[in-house]
């Protein structure tokens, strides 16, 4: 994960030299896990409170979420609360997640096509693992699959906690006579979901679900934040926010 985050920070600093970069982690689970390892991470509220105390007047909060689901809207709520504080940060804005607009769908589609495994043939399927959510923003996953399949019918998106799930996608692969499928995380980091739910040895891992259907699963443990062309989409969202801070042209 740290390598992916370092890549993001490097791309941000290249795009906006001289602009301070701070990190915040929305996941309490991750913060507690790393705290046990001696690494203290700030929540969004803590990071913003520190910046407010330090006298920052313009702060862009760039989401690194994939879609605008529950966690993204919690982030927006935190930022909104800080906007309402007296003598707080004068200008405070949030950047879109990776998939926030129709244009993002097109850009992400192009980036994913460029990042496909070079050894993969057109007869092999690629199944991207999204996190998924009961939030309506889950529709971005099916929209992405639509755009991908317009370019290559053997590209699929399945989710861990939303729709479509791996069972539905496995049925699609079986009907198309697919015998080999690449499993690739569509998450910023190839973390627990990718290593366990996708590539683990449990009988309900995606790798083994495909194996029982007679499909050879080839696993790629590389998150989206490890690809510059994906990171640059987040950076573009940040650029949009920073432009709002510029004084109007005369």
Response to the item:
Those residues of segment 7-26 which are surrounded by fewer than 16 Cβ atoms within 10 Å (Cβ to Cβ) and within 23 Å of residue 89 (Cβ to Cβ) amount to 9, 13, 15, 16, 17, 18, 19, 20, 21, 22, 23
Discussion item. Given the criterion in the same structural domain as residue 122 (by TED's automatic domain parsing), modelled with pLDDT under 95, part of a loop (DSSP other than H, G, I, E, B) and out of contact with any strand residue (DSSP E or B) (no Cβ under 7 Å at 6 or more places or on another chain), identify the matching residue among 200, 214.
Written reply: 200
Worksheet, complete the sentence: residue 49 fails exactly one of (1) surrounded by fewer than 20 Cβ atoms within 10 Å (Cβ to Cβ); (2) more than 27 Å from residue 169 (Cβ to Cβ); (3) modelled with pLDDT of 95 or more; (4) under 22 Å from the mean Cα position of the chain (by Cα), namely (4)
Worksheet item: When the residues of segment 27-44 are filtered to those that are more than 29 Å from residue 247 (Cβ to Cβ), surrounded by 13 or more Cβ atoms within 10 Å (Cβ to Cβ) and touching a helix residue (DSSP H, G or I) at 6+ places or on another chain (Cβ under 9 Å), which remaining residue is modelled with the lowest pLDDT?
Response: 41
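Would you be able to say whether some residue in segment 82-94 is part of a helix (DSSP H, G or I) and crowded, with 21+ Cβ neighbours inside 10 Å?
We begin by selecting, within segment 82-94, every residue part of a helix (DSSP H, G or I); these are 82-83.
Add one more test, that the residue is crowded, with 21+ Cβ neighbours inside 10 Å, and what stays is none.
No, segment 82-94 has no match at all.
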Worksheet item: What pairs can you find where one residue is in segment 48-65 and under 11 Å from residue 89 (Cβ atoms), the other is in a strand (DSSP E or B), and their Cβ atoms are less than 6 Å apart, with a gap of 6+ or different chains?
Response: 51/59; 58/91; 59/92; 60/93; 61/94
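Considering only segment 117-132, I want to know if a residue exists there that is surrounded by 15 or more Cβ atoms within 10 Å (Cβ to Cβ), in a helix (DSSP H, G or I) and more than 17 Å from the chain's Cα centre (by Cα).
If we filter segment 117-132 for residues that are surrounded by 15 or more Cβ atoms within 10 Å (Cβ to Cβ), which is where we start, we get 120, 124-132.
Among the residues that remain, those that are also in a helix (DSSP H, G or I) are: none.
No, segment 117-132 contains no residue that is surrounded by 15 or more Cβ atoms within 10 Å (Cβ to Cβ), in a helix (DSSP H, G or I) and more than 17 Å from the chain's Cα centre (by Cα).
The values are calculated or read from the model by the stated rules, or taken from the named source; none is laboratory data. Since we're looking at a predicted model, the values are computed, not measured. Don't worry about glycine lacking a Cβ; one is built from the backbone with ideal geometry, like all the others, and counts go over all protein chains shown.
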